[in-house]
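Below: the structure, in structure tokens.
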Amino acid sequence: PPGAEPGLPRPPPGPPPGHRGSRVFPPLAPTVATLLASLATAALLAWYVAKPIQGLRQAFAAASHGRLDHRLGPAMGARDDELADLGREFDRMASQLQAVLERQRRLLHDVSHEVRSPLARLQAAAGILRQAPASRDAVVERIEEEIARIDRLIGELLDRKSVV
């Protein structure tokens with residue numbers, strides 16, 4: 001260097017003493033691209049997991065309001081994971097509940113129809129007693145038969161209840 005005295009050692013090349021060297025940063029464009037790709041991948045993964053969970057939540061809400069016809073199978077598509085298994089199990093449970101409720105409705109309809117017949121005959125017998133007290137013994141026997149019939153129907157209902 002200019003002004004250096006001959007015979008003296010030269011200082012090593014590089015930054016002067018006390019200088020904080022500049023850091024080497026990777027190029028900005030690849031870093032931003034990698035960050036954006038990571039964010040997009042995370043968002044897609046979150047959507048892939050959250051969508052069936054949201055469908056399950058909606059199906060459970062519908063079931064809690066008595067709407068058992070909501071099914072998850074179509075919404076799950078071709079998924080083959082635990083969430084799809086859970087959706088299929090929900091569909092199976094909802095179908096079974098729907099069938100049980102339908103059987104109970106039919107049973108209630110049948111029982112109400114069967115109980116109304118003896119009740120109507122009991123009302124008729126009570127009317128006969130009022131109009132013709134002389135036929136009391138025959139009417140009382142008829143009333144006892146109808147009471148026994150209602151008792152049998154209730155017994156059958158209790159037996160069916162344990163089956164349903």
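Out of the residues in segment 122-154 that are closer than 28 Å to L107 by Cβ and at pLDDT below 85, state the one that is surrounded by the most Cβ atoms within 10 Å (Cβ to Cβ).
Taking the candidates together, the pick is L153.
Being over 30 Å from E145 (Cα atoms), of a type in the set (D, E, K, R) and surrounded by 13 or more Cβ atoms within 10 Å (Cβ to Cβ) is the filter here, so list the residues in segment 91-118 that pass it.
Selection gives D91 alone.
Could you list, ordered by first residue, the pairs with Cβ atoms under 6 Å in which the first is in segment 32-59 and open to solvent by less than 90 Å² (accessible area, probe 1.4 Å) and the second is at pLDDT 90 or above and not acidic (D, E), at least 6 apart or interchain?
Partner pairs satisfying both residue conditions: A59/F90.
The values are calculated or read from the model by the stated rules, or taken from the named source; none is laboratory data. As the structure is a prediction and not an experimental result, all values here were calculated from the model. Virtual Cβ from ideal backbone geometry, glycine too; neighbours counted across all protein chains shown. Please note that ligands, DNA and RNA were not included when accessible areas were found on the heavy atoms of the full protein model with its side chains. Shrake-Rupley method; radii C 1.70, N 1.55, O 1.52, S 1.80 Å.
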